[in-house]
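Trainee: Here it is, the structure in full.
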Amino acid sequence: MNFSVLTYNIHKGFSSNNRDFVLHRIRDQLRELDVDLALLQEVQGEHQWHSQRIRNWPDTSQFEFLADSVWSHHAYGKNAIADGKHHGNAILSKYPFSQWGNINISPLSFASRSLLHGDITLPGETATIHVVCLHLGLLGMERRQQLRQLNTHLQSVYDSHKAIVVAG
């Protein structure tokens, strides 16, 4: 079973200093890498203010814009929701999901974090693979608790015949 995976925190499509909107460059780079699975963090599902003020803001969600015609299957899990905007994790896949879900792993009320879990069957394979995309918190205590939740979740779905990919 061979497949390629990339994980990337896209910072809501902005440069690290938040000055430049670089989502189009990110899409070009992802296309060039041509991976089977892209596990992305800080993906903007909607942002009404930016969509009205940023000249080249896409007409679709960022995960749909990035998926374009390369990754025809995608899952998105909202984890930070505010007035007129939300962002979260996304999995872009060349192969269909048999199922997917988003699980809240936020131990703190002021930080919204989740793990996005999808099951995917690769061509020519009979077993599905578990794919988990997560974005851990900033604080050590928060990360330890989130990793315990991840471990509990993986133990609940573990099957020795299935591969598990965790990224974020």
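FYI, it's all coordinate maths here, none of it is from the lab. For clarity, every value in this text was computed on a predicted model and none was experimentally measured. Backbone-built Cβ (ideal geometry, glycine too); neighbour counts: all protein chains shown.
Trainee: List the trypsin sites (Lys or Arg not before Pro) within the stretch 18-48 that fall in a DSSP loop (any state other than H, G, I, E or B) and whose Cβ has at most 14 other Cβ atoms within 10 Å.
Mentor: Working: sites: R19, R25, R27, R31; in loops: R19.
Qualifying residues, ordered by number: R19.
Trainee: Karplus couplings for the stretch 158-163 from phi (6.51 cos²θ - 1.76 cosθ + 1.60, θ = phi - 60°), rounded to Hz, Gly and Pro as x?
Mentor: 4, 9, 5, 8, 10, 7
Trainee: Residue by residue through the stretch 67-77, which ³J(HN,Hα) values in whole Hz follow from phi under the Karplus form 6.51 cos²θ - 1.76 cosθ + 1.60 (θ = phi - 60°), with glycine and proline marked x?
Mentor: Running phi through 6.51 cos²θ - 1.76 cosθ + 1.60 with θ = phi - 60° gives 5, 6, 9, 8, 10, 7, 10, 8, 10, 9, x Hz.
Trainee: Using amide H atoms built 1.01 Å from N in the peptide plane, name the residues 5+ places from T121, or on other chains, whose amide H lies under 5 Å from its own.
Mentor: It is S98, I129, by chain and number.
Trainee: Order by neighbour count: T152, T121, fewest other Cβ atoms within 10 Å first, most last.
Mentor: Ascending Cβ contact count within 10 Å gives the list T152, T121.
Trainee: Apply the Karplus parameterisation 6.51 cos²θ - 1.76 cosθ + 1.60, with θ equal to phi minus 60°, to every residue of the stretch 28-45 and state each ³J(HN,Hα) to the nearest whole Hz, in sequence, with x for glycine and proline.
Mentor: 4, 5, 4, 4, 5, 6, 6, 7, 6, 10, 10, 9, 10, 10, 6, 9, 7, x
Trainee: While we're here: Suppose the Debye formula is applied to equal point scatterers at every Cα of the chain; what is log10 I(q)/I(0) at q = 0.12 Å⁻¹?
Mentor: Debye curve over Cα of the chain, log10 I(q)/I(0) at q = 0.12 Å⁻¹: -0.54.
Trainee: Give the peptides 154-164, 4-14 in descending order of average Cβ contacts within 10 Å, highest first.
Mentor: 4-14, 154-164
Trainee: Ok, one more. Name the shape class, rounded, prolate or oblate, that the alpha-carbon gyration tensor gives for the stretch 1-90, where a ≥ b ≥ c are the square roots of its eigenvalues, rounded holds for a/c under 1.5, and otherwise prolate holds if a/b is larger than b/c and oblate otherwise.
Mentor: prolate
Trainee: Anyone know which of A82, A90, A127 comes out most mobile in the 10 Å Cα GNM of the chain?
Mentor: Comparing A82, A90, A127 in a Gaussian network model of the chain, the most mobile one is A82.
Trainee: Let me make sure I get this right: for the stretch 100-168, a, b and c are the square roots of the gyration tensor eigenvalues over alpha carbons, sorted descending. Under 1.5 in a/c it's rounded, otherwise prolate if a/b > b/c, else oblate. Which is it?
Mentor: Cα axes put the stretch 100-168 in the prolate bin.
Trainee: Using the Cα centre of the chain as origin and beta-carbon charges of +1 (Lys, Arg) and -1 (Asp, Glu), tell me which of P107, V35, G77 is placed farthest towards the positive end of the dipole.
Mentor: Result: P107, furthest along the dipole toward the positive end.
Trainee: For the chain, what number of Lys pairs, 8 or more residues apart or on separate chains, have alpha-carbon atoms under 22 Å from each other?
Mentor: Within the chain, the lysine pair count is 4.
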